[in-house]
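The values are calculated or read from the model by the stated rules, or taken from the named source; none is laboratory data. Values in this document were obtained by computation on a predicted structure and should not be read as measured data. Backbone-built Cβ (ideal geometry, glycine too); neighbour counts: all protein chains shown. Keep in mind that these areas ignore ligands, DNA and RNA; they rest on the heavy atoms of the full protein, side chains included. Shrake-Rupley method; radii C 1.70, N 1.55, O 1.52, S 1.80 Å.
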Amino acid sequence: MVYPLGAIVNTSVMDMQTTQNTCIPKGGLSELEDLVRRDLQLISYPHREWLGNSDSVAAGELDVLIVGAGQSGISVAFGLMRQRLCNILVIDENVEGKEGPWKTFARMVTLRTPKYVTGPDWGIPNLTFRAWYEAQFGPDGWDNLALIPKEMWADYLSWYRKVLEIPVENETRAGAITWNEERQRFAVPVTSPRGERVLYPSKIVLATGIDGSGRWDIPSMIRNSLPPEAYAHTRHDIDFEKLRGKRIAVLGAGASAFDNASVALEGGASEVHLCYRRKSLPNVNPYRWAEFVGFLNHHGDLPDDLKWRFISKILQMGQLPPTDTFKRATTYANFHLRGDCTWNEIRYDAGSKVIRISTSDGVLEVDFVIVGTGFVTDLSVRPELKELYPHIALWKDRYQPPADQIHADLARHPYLGPGFELQEKVPGRAPYLRSVFNYTFGCLPSMGFGGASISGMKYSLPKVVNGVTKQLYADNCAAFYDALENYHIEEF
Ligand SMILES: Cc1cc2nc3c(=O)[nH]c(=O)nc-3n(C[C@H](O)[C@H](O)[C@H](O)COP(=O)(O)OP(=O)(O)OC[C@H]3O[C@@H](n4cnc5c(N)ncnc54)[C@H](O)[C@@H]3O)c2cc1C
């Protein structure tokens, strides 16, 4: 795989580590894989598997079903396997290698996160991205790496999944989850090239992505004013070749809005206008501020009023494009940054196919609109949660913020327990909800950075895995006590 050069030349102050380490495996990845296996052997205590066996996988009866085989899903699976749970399955609707955004709709050159952020490795040094990178490109390569090319991150995740033998079934989509009283398990209909079938897990981890607690958002003004061929969301496949020589308007000022503006410019768009409502672009990144143990490990331990206060502040401060992303677009003379530019009305001329946008900053005439407004949180639109949604406790059911902290989207977030588990809106109506773990970006107010963010994985993964194993042990305690009572292996 050839990675974009831009990512190799080390110009950033971000790299605070130089490599004195001489323990780089000379035998490259295969030697690193041996080291990983050796590490796992050294720390494999306790050895005994303590619940279901792989036979019941065939029967579709699982201890844990993980929906989503992106970085979150496979890292949770590894965590559960290390806790000696083998009756688990990870499913993903995409073909292998196309899980998540990295090789599909992500249009940045590199990750936005610093290269030294760890998480999926569970603290095993030879499993880190750096070890994987240095095994291929050496310590100097690491020193010269500024930020991680997105395709390289995806390749690291594919290697991670392979070397750890994570049980993943691709091209398998989970439908609406229901509770099967008779089996005392969930019933999850799944669709795959094998056809339709039902899985019966005791526990479910939703690792369905950054939009996993809602949907990508296309403002109604755009949906109601333009034909589908005249606009696309940054989440969609976009044929940038068709935008060559065209005038483009981009709505939104987050990283993806800038990424898509840059790809359009690089593809020969005649002009690109990036519009946002704020008077000026935020230039301080609260997500960088949050990368310390206190917030990452203990936001979930705060009382509700403080949880809400911190997160609403972070959202109020706003997201900004990383420096590289900002420069990538602003180097173009035909790129126009339009702050304080609210869109009031959109008219489409079907004849000329011209889009006229009346804004607070004048009228814009363009040929295509790229919607960079991100996603909204709304569990009611999640196909997996269609049947469960009415019973799920949301923040608006549990907390009334002060008038100056009202935030409609935050109020729609799931009100999660300390293991990322869903909670009942009305206690006693749906007690099985506690067995569904929401490890998506929807965890933000409840748990801080958890699922769907690399920065949060180091501290959130142990919480969700512990949440699952804690319940599995408690749920099966009667059987364990029987096993103890019938334990007659004599020592001598
Ligand atoms: C463009 C972009 C750039 C980002 N850059 C960064 C970054 O630089 N640093 C950072 O820390 N974070 C970044 N993020 C945020 C986050 O890290 C990513 O979204 C990351 O992909 C989250 O990993 P995940 O495993 O939680 O979800 P994904 O990687 O999204 O994996 C979830 C998977 O679940 C599948 N799925 C969903 N529903 C179902 C279903 N019903 N049945 C079966 N499969 C299903 C999805 O198709 C997907 O393959 C970025 C996000 C985006 C969108």
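Which residue is surrounded by the most Cβ atoms within 10 Å (Cβ to Cβ), if the candidates are limited to region 226-250 and must be within 16 Å of the ligand (Cβ to nearest atom) and touching a residue at least 40 places away in the same chain (Cβ under 8 Å)? Out of the qualifying residues, it is Val250. Only a single criterion out of (1) of a type in the set (S, T, N, Q); (2) within 16 Å of the ligand (Cβ to nearest atom); (3) under 24 Å from Glu93 (Cβ atoms) is not satisfied by Ser262, namely (3). Of the set (1) among the aromatic types (Phe, Trp, Tyr); (2) farther than 23 Å from Arg356 by Cα; (3) over 20 Å from the mean Cα position of the chain (by Cα), all apply to Trp216 but (3). What do you reckon, is Leu42 surrounded by fewer than 23 Cβ atoms within 10 Å (Cβ to Cβ), of a type in the set (A, V, I, L, M, F, W, C), without any contact (Cβ under 8 Å) to a residue 24 or more places away in the chain and more than 19 Å from Ser435 (Cβ to Cβ)? For Leu42, the condition - surrounded by fewer than 23 Cβ atoms within 10 Å (Cβ to Cβ), of a type in the set (A, V, I, L, M, F, W, C), without any contact (Cβ under 8 Å) to a residue 24 or more places away in the chain and more than 19 Å from Ser435 (Cβ to Cβ) - is met.
Taking every residue in region 68-79 that is of a type outside the set (Asp, Glu) and pairing it with any residue that is open to solvent by 10 Å² or more (accessible area, probe 1.4 Å) and more than 6 Å from the ligand (Cβ to nearest atom), at least 6 positions away or on another chain, the pairs with Cβ-Cβ distances below 6 Å are Ala69/Val168; Gln71/Leu157; Ile74/Arg161; Ile74/Ile166; Ala77/Ile166; Phe78/Leu164. Of the strands (runs of 3 or more DSSP E) lying entirely inside region 354-471, those containing at least 3 residues that are in contact with a Lys or Arg (Cβ under 8 Å, 6 or more places away or on another chain) and either surrounded by fewer than 23 Cβ atoms within 10 Å (Cβ to Cβ) or not small (Gly, Ala, Ser) (or both) are 354-359, 362-366, 375-377.
Of all residues in region 82-96, those that are closer than 17 Å to Pro120 by Cα and in a loop (DSSP other than H, G, I, E, B) total 1. Any residue that is away from the ligand (no atom under 16 Å from the Cβ), modelled with pLDDT of 95 or more and either in the same structural domain as Asn180 (by TED's automatic domain parsing) or open to solvent by less than 20 Å² (accessible area, probe 1.4 Å) (or both) - is there at least one of those in region 92-109? No, region 92-109 contains no residue that is away from the ligand (no atom under 16 Å from the Cβ), modelled with pLDDT of 95 or more and either in the same structural domain as Asn180 (by TED's automatic domain parsing) or open to solvent by less than 20 Å² (accessible area, probe 1.4 Å) (or both).
Looking at the structure I just gave you, is Arg185 assigned by TED's automatic domain parsing to the domain that holds Phe326, of a type in the set (Lys, Arg) and either under 21 Å from the mean Cα position of the chain (by Cα) or buried (at least 18 other Cβ atoms within 10 Å of the Cβ) (or both)? Spelling it out, it is not the case that Arg185 is assigned by TED's automatic domain parsing to the domain that holds Phe326, of a type in the set (Lys, Arg) and either under 21 Å from the mean Cα position of the chain (by Cα) or buried (at least 18 other Cβ atoms within 10 Å of the Cβ) (or both). Pick out the one residue from Leu461, Leu472, Leu484 that is among the aliphatic types (A, V, I, L, M), farther than 17 Å from Arg382 by Cα and within 13 Å of the ligand (Cβ to nearest atom). Only one candidate passes the filter, namely Leu461. Restricting attention to region 131-163, the residues that are buried (at least 19 other Cβ atoms within 10 Å of the Cβ), more than 11 Å from the ligand (Cβ to nearest atom) and among the basic types (Lys, Arg) add up to 1. If only residues of region 188-201 that are within 12 Å of the ligand (Cβ to nearest atom) and buried (at least 19 other Cβ atoms within 10 Å of the Cβ) are counted, the one that is farthest from the chain's Cα centre (by Cα) is Leu199. The set of residues in region 45-67 being farther than 23 Å from Asp211 by Cα and either in contact (Cβ under 8 Å) with a residue 60 or more places away in the chain or among the hydrophobic types (A, V, I, L, M, F, W, C) (or both) consists of Trp50, Leu51, Val57, Ala58, Ala59, Gly60, Glu61, Leu62, Asp63. Counting the residues of region 249-265 that are within 11 Å of Phe335 (Cα to Cα) and touching a helix residue (DSSP H, G or I) at 6+ places or on another chain (Cβ under 9 Å) gives 6. How many residues are within 13 Å of the ligand (Cβ to nearest atom) and either closer than 23 Å to Asn476 by Cα or assigned to a loop (DSSP other than H, G, I, E, B) (or both) when one looks only at region 202-216? Matching residues across region 202-216 total 10.
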